[in-house]
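Quick notes on the structure that follows.
The values are calculated or read from the model by the stated rules, or taken from the named source; none is laboratory data. Since we're looking at a predicted model, the values are computed, not measured. Virtual Cβ from ideal backbone geometry, glycine too; neighbours counted across all protein chains shown. Heads up: the accessible areas ignore ligands, DNA and RNA and are worked out on the full protein's heavy atoms, side chains in. Shrake-Rupley method; radii C 1.70, N 1.55, O 1.52, S 1.80 Å.
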Amino acid sequence: MVGEEGAFVLGWDEVLTEEELSTTLKVLCMSEEEFKEYKEQGGWEDDSEEEESSALSNAALSRLKAPCKELLYDSVLLTLQAYGSDLKAEQDLLRKEAYEKLSRREQQALHVRYGQKRILHQLLELVR
């Protein structure tokens, strides 16, 4: 359902893998009865009315149902824990002399980690 890597792609303004995330949230937030019905039908027959709400812009993320928000919030916290440092440590490193001592590759990696963490923190705020 979420592809080979089992990950979702988030951007600054929206979820870039919105169909996968939307479907995953729907399935994970279903009751046992709803899930049985979903399996029996082989998925949803007509998602046309839900397509409009499945566009996961930042505004749409903040309007998700409480169980979906909670699931996303907890998932983001787990993802952030997988990093060796927090957002504040990355910010500090970007401003210190230590940054200039990093190799070009290490500087680029720092920028990538910092950007990823900022997006994740933004998502936390949206689903809080």
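Side notes on the structure shown:
- Remark: the range 87-98, residue by residue, has Karplus-estimated 3J(HN,Hα) of 4, 4, 4, 5, 4, 4, 5, 5, 9, 8, 4, 4 Hz, where x stands for each Gly or Pro and the curve is 6.51 cos²θ - 1.76 cosθ + 1.60 at θ = phi - 60°.
- Amide hydrogen proximity for PHE8: with H placed 1.01 Å from N in the peptide plane, no residue at 5 or more positions away or on another chain lies under 5 Å.
- Proximal lysines to LYS39, defined as alpha-carbon separation beneath 25 angstrom and excluding residues fewer than eight positions away on the same chain: LYS26, LYS65, LYS69
- Projecting the Cα atoms of VAL76, ALA60, GLN91 onto the charge dipole of the range 59-119, computed from C-beta unit charges around the Cα centre, puts ALA60 farthest toward the positive end.
- Exposed GluC sites (Glu not before Pro) absent - longest run of the chain, DSSP non-H/G/I/E/B, at most 10 other C-beta within 10 Å: 46-128
- With the convex hull drawn around the C-alpha atoms of the chain, the volume per residue stands at 122 Å³.
- The range 72-106: trypsin sites (Lys or Arg not before Pro) in DSSP coil with no more than 12 other Cβ atoms inside 10 Å: LYS96
- CD proxy at 222 nm, helix term only [per DSSP H run n ≥ 4: -39500 (n - 2.57); per residue of the chain; nearest 500]: -20500 deg cm²/dmol
- Net charge dipole size for the chain [Lys, Arg +1 and Asp, Glu -1 on Cβ; Debye, nearest 20]: 1260 debye
- Within the chain, the longest run free of exposed loop sites, counting chymotrypsin sites (Phe, Trp or Tyr not before Pro) that sit outside DSSP helix and strand states (H, G, I, E, B) and have at most 14 other Cβ atoms within 10 Å, spans 84-128.
- Percent accessible area from carbon and sulfur atoms, the chain, protein chains only, probe 1.4 Å: 48 percent
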